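Let me begin by presenting the structure, written as C-alpha cells, before commenting on it.
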Amino acid sequence: MELELRHLRVLCAIADAGSVGRAAVLLGASQPATSTQLRRIERHLGAPLFERTATGVAPTCFGAEVLSAARDLLARADSLGRRPEEQAVRGRRELRLAATISPILPGLVTRARHQQPELGFAVSTVYRCSDLVELLERDDVDAALAVDYPGRELRHSRAVSHRGIVTEPTFVALPANHHLRHRTEIALADLADEAWFLTPDDGAGWHGVFYGACAAAGFTPSAVHEFLGGRLELQELIAAGLGIAVVQATTRPMGDVVVKPLIGTPIWVRHLLAWRSSALTADLVETLFGAATAAYRDLVGGSPHFRDWAARTYRAARP
C-alpha cells in the first residue's frame, strides 16, 4: 500500500479520540474497518503506532513521531489554496492564550512565534481546566492548554474544539534517600504508608483519578497534604522528607529527589489544545498543535528517566 492523506487522518483521529472505537464514530466508519486500516498502516510502517491502555489506546514512542509528521503534512495540505485575505486576517490580531501551569507552554509560544512572526500572544495562566473551558465558552480567550484523564474527557459545547497533544504516564517523586530509591519501577501499593502532597482539584477530575488509583491498589492514603505551589517548592518539600507526590513524567528532579515510574502505569494524563472554533483558522490550529507537540518532544529529550521507561515499555512491541 501507499500512504495517503486519508490514512494520516485516520491515525490522527485515533490519537485525538484515544480509542479506535471513538475514532471510528468521528470518521463515520465501523470499528472493525478502522482497526483493519490501522493494522495495514502499522504493517506498512513496520512497527506498532499505538498500545492498549485501560481506557483505549495511546501512541507508542514511534507512533508519536509518526503523528507529529502526519499532522505537519496535513496542515500543509489543508493550507493549499487558502486565499491571501484569509492569511492576512490571521495575522492582524493578537492570540489570547490561556493555560494551566503547563511545561509545554513556553516551548509552544516560542515555536509558534518562530513559525508565524506576525502573531502576537496575550498569555494568562489558570489553575482549573473547567475555568479554561468557561473562558473559551465566553470568548474571553481564543485557545488554551488543558489536561484531562482517560475516561474523564474534557467537556464543552460545540463552540469549542479540542485535540489531544499527548497522553503520558505519571511518575512518582521521592526523596533521594528513600528506601525504594534503587528500584527501577515502584508499585503504587508499596507507597501505601507514605504521606502525599496532592494538588487541589483541577476541575478535570484529578482527585477522583488519584484516589481511584490508590483504591485500585488496595489502600487509602494515610496522610495527604494539599499543595499549591511551584515545582521547585514541591521538590524542596519532598527532598526534606515531608512527603512524596505524583508528578509529570518529564519532571526534572533536583539533586535530592528521584523520579520513578509506577508499575503498570496506573495513572495517565492527557495534554490538550482547546480553542474556540470560530476564533482560529485551520492552519493556525495546526501551527499551535505542531508547536505544542514539538515542545513536548523537547521535554522528553531532557528527561532520561522517561526515555528509559519508554525504551523498556515499548521494546517488546517493536518488531
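Just so it is clear, none of the values below were taken in a lab; they were calculated from the coordinates. The structure displayed is predicted, hence computed values, not measured ones. Positions of Cβ are generated from backbone atoms using ideal geometry, with glycine treated the same way; all protein chains shown enter the neighbour counts.
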Once the mean of 1/r over all distinct C-alpha pairs in the chain is inverted, the Kirkwood radius in Å reads 20.8
To the nearest 10 degrees, how steep is helix 61-79 against the longest Cα principal axis of the chain, on a 0 to 90 scale?
-> 30
Share, in percent, of DSSP beta bridges within the chain that are antiparallel, nearest 5 | 65
How far is helix 5-17 tilted, in degrees, relative to the longest principal axis of the Cα atoms in the chain, given as a value from 0 to 90 rounded to the nearest 10?
-> 40
Could you tell me how many degrees, from 0 to 90 and to the nearest 10, lie between the Cα long axis of helix 31-45 and the main elongation axis, the longest principal axis, of the Cα atoms of the chain?
-> 90
When only Cα pairs under 8 Å and 6 or more residues apart are kept, what is the percent relative contact order across the chain?
-> 23
Ordered by residue, what ³J(HN,Hα) values in Hz, to whole numbers, does the range 288-295 give under the Karplus form 6.51 cos²θ - 1.76 cosθ + 1.60, where θ = phi - 60° and Gly and Pro are x?
-> 5, 5, x, 5, 5, 5, 5, 4
Compute the signed sum of charges (Lys and Arg +1, Asp and Glu -1) over the other residues within less than 12 Å, Cβ to Cβ, of residue 141.
-> -4
What list of ³J(HN,Hα) values in whole Hz, one per residue of the range 263-280 in order, does the Karplus curve 6.51 cos²θ - 1.76 cosθ + 1.60 (θ = phi - 60°) give from phi, with Gly and Pro shown as x?
-> 4, x, 6, x, 10, 10, 9, 10, 8, 10, 10, 10, 7, 6, 4, 7, 9, 10
What fraction of the DSSP beta bridges in the range 168-268 is antiparallel, stated in percent and rounded to the nearest 5?
-> 60
